[in-house]
Amino acid sequence: MATVVAPAPRRTSRGNPWPAVISLSFAASIAALQNTAVVPLLPVLQRELNTSLSAVSWTLTLSLLVGAVATPLLSRFGDMYGRRRMILGALVLLVIGSVIAALATSLTWLIVARVLQGFVSALVPLSIGVVRDSVPRNQLATGIGVLSATMGFGSGGGMILAGLASGDWHLAFWIMAVIALAALVVVAFLVRDAAPPVKGRPDLLGAALLAAWVIALLLAVSEGGSWGWTSPGVLGLFAAAAVLAAVWVLVERRVAEPLVEMAMLVHRGTIGATVSSLLLGFSFFTLLTGMSGFAQAPEAAGGFGASTLQVGIYLLPSTLFMLVISLFAGRIMRRLPASSMVAAGSLITGLSALWLVIANDAPVHLYVASSAMGIGLGVGYAALGTMAVEHVAADKTAVAAGVNALVRILGGSVAGAAIAAILAAGGGYPVVFGAAAVAGVVAALFAAGYGYLNRVTAPSAH
C-alpha cells in the first residue's frame, strides 16, 4: 500500500504560529480547570445548598456530560463554520456560565451555569485542529503535546483555585469568569483559521441520543446504591440506556455525517488510545474526587477534616509536577513513543491510587499520592492527543482527536456516578481509590499493548 502523504500544513499567520499555540494551550487548560475546581467545593455546596452529595455531584457530572456531547458537535461545527469561531463561542459560554454560577443561590441555577460551562470541553479537539493546520509537520507532535500537557496542568490548577477561594464558591466562579475572559481576549487576537470551511450537516439526532443514553446510565449508576441495584427504577434506567445506546449506534452507522464515526472507535490505530483515554479519564477523576472528599471528611469518619484550602495544598504537588512536565513535553515526545508515555503515565496514576488504598492514615500519604498523580497525568496527558492521531490519515486527524476527547470526558463523567454509588453502598474511600487504581493499570496495559502492535505492523502499511 502506498504511503499516505499528509497535505502541507497552513499557518494561521504569516509568521510564527507558536503564539497561537500558547494561547490555545491557555484556553485548553481552562477547559480542564473549570471542572476540577468544582471537585473540592462539592461538600461545601452540599452544606450551603442543603442537599445531598449525590445531588450536588451532578454539578460536575452534567458539565462533563455536556462536554462529551459538545466535543464532537462543536468539532463538526468548527469544520463547517471555522474552528476559531467555535472556540470563541465556547469561551463566551464559559464566561456567561461562570457569572451565573457566581450569582447563583440555588442548585437549579448552579446546574444551569455548569451546563453552559460544559461546552468549553470542545476546546481541546478544536485547538488540535487549529494546530494541525498551522504548525509545520515536523513540529506537530510538539504542538499537540503542549496542548495536552497544559490541559493536565489546568486540572491541577482547578484544585488550587478552589483552595485560594477558601471554600467561597461564589468567589471561585468569579475568578473563573475573569480567567475565561482573559483567554477569550487572547485567543481573539492571536488565533486565526487556516483551513477553509467545508459544507456539512450537523448530526443533531446523534447528539440527542448520545446525551439520552449517557444520562440514563449515569443516573442508574449514581442512584443504584440508594434506590437498590435491583429496584425497578435502576433496572429500567439500565435497560433504557442499553436500548438508546443501540439506537444511537445504528443512527451513527447510517447517517451520512455522523456525530461520532463508529469506525474510528475501533480503528486499529486508535483503539488503544480510545480505551486508554476512557480509563485514564475515569481513574483521574475518581482519584481526584476521592482525595478531595476523603481529605474533607470528618476525622470521626476516617478523614482529616480539611478545608478546601488545605485540599488545594495537599494537591499542590500534582499541579507543580504537571506544570514542569508540560514545559518539557515537546522534548519528551521527540524521544519516546506516545503509546509508551501514555502507558507509563497511566501506570503511575494507577499506582498513586493504590498507595492510598494501602496507606491513608496521615496527610503525608496524600502528598505522596498527589505527587505521583501529577507525574502520571503530566506524562500521560501530554501524549494522549498524539497517540490518538499518529496512526490515522491526515484528513482524519480532527475526527480521531474528537473521539479521543469524547471518551476521556465520558470516563470522567462516569467517575462521579461511580463514587456516589460506592459511598452510598458503604464501600468507603479505599474502595474508591481501588477503582481508580484498577482503571489506571488497565489503561496502561491497553496503551502498551496497542502501541506495540502498531509498531510491529506499521511496516506493512508502506
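The values are calculated or read from the model by the stated rules, or taken from the named source; none is laboratory data. This is a predicted model, so every value here is computed, not measured. As a convention, Cβ positions derive from the backbone with ideal geometry for all residues, glycine included, and neighbour counts pool all protein chains shown.
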Open item on the list: Please verify whether Gly350 is of a type outside the set (A, V, I, L, M, F, W, C) and either on the phi > 0 side of the Ramachandran plot or in contact with a strand residue (DSSP E or B) (Cβ under 9 Å, 6 or more places away or on another chain) (or both), treating the condition exactly as stated.
Closed with: no
- [ ] Please indicate, with yes or no, whether at least one residue in the range 255-267 is in contact with a Leu (Cβ under 6 Å, 6 or more places away or on another chain) and either closer than 28 Å to Ala420 by Cβ or not aromatic (Phe, Trp, Tyr) (or both).
- [x] no
- [ ] Given the conditions (1) at pLDDT 90 or above; (2) within 30 Å of Lys199 (Cα to Cα); (3) of a type outside the set (Asp, Glu), report the number of the one that Ala263 does not fulfil.
- [x] (1)
TODO: Could you tell me whether Val99 is modelled with pLDDT of 90 or more and in the same structural domain as Leu184 (by TED's automatic domain parsing)?
DONE: yes
Task: Any pair with Cβ under 9 angstrom, 6 or more apart, that starts in the range 191-203 at a residue that is free of Cβ contacts under 8 Å to residues at least 60 places away in the same chain and ends at one that is of a type in the set (A, V, I, L, M, F, W, C) - done: Arg201/Met80; Arg201/Val255; Arg201/Ala256
- [ ] At least 1 residues that are modelled with pLDDT of 90 or more, crowded, with 17+ Cβ neighbours inside 10 Å and assigned by TED's automatic domain parsing to the domain that holds Leu49 in each: list the helices (runs of 4 or more DSSP H) lying fully within the range 105-215 that qualify.
- [x] 107-118, 169-190
TODO: Count, please, the residues in the range 80-104 that happen to be surrounded by 24 or more Cβ atoms within 10 Å (Cβ to Cβ), of a type outside the set (Gly, Ala, Ser) and farther than 23 Å from Glu257 by Cα.
DONE: 2
Task: Filter result for Leu288 (crowded, with 23+ Cβ neighbours inside 10 Å and farther than 20 Å from Leu423 by Cα) - done: no
- [ ] With respect to Gly236, determine if the residue is loosely packed, with under 14 Cβ neighbours inside 10 Å and more than 23 Å from the chain's Cα centre (by Cα).
- [x] yes
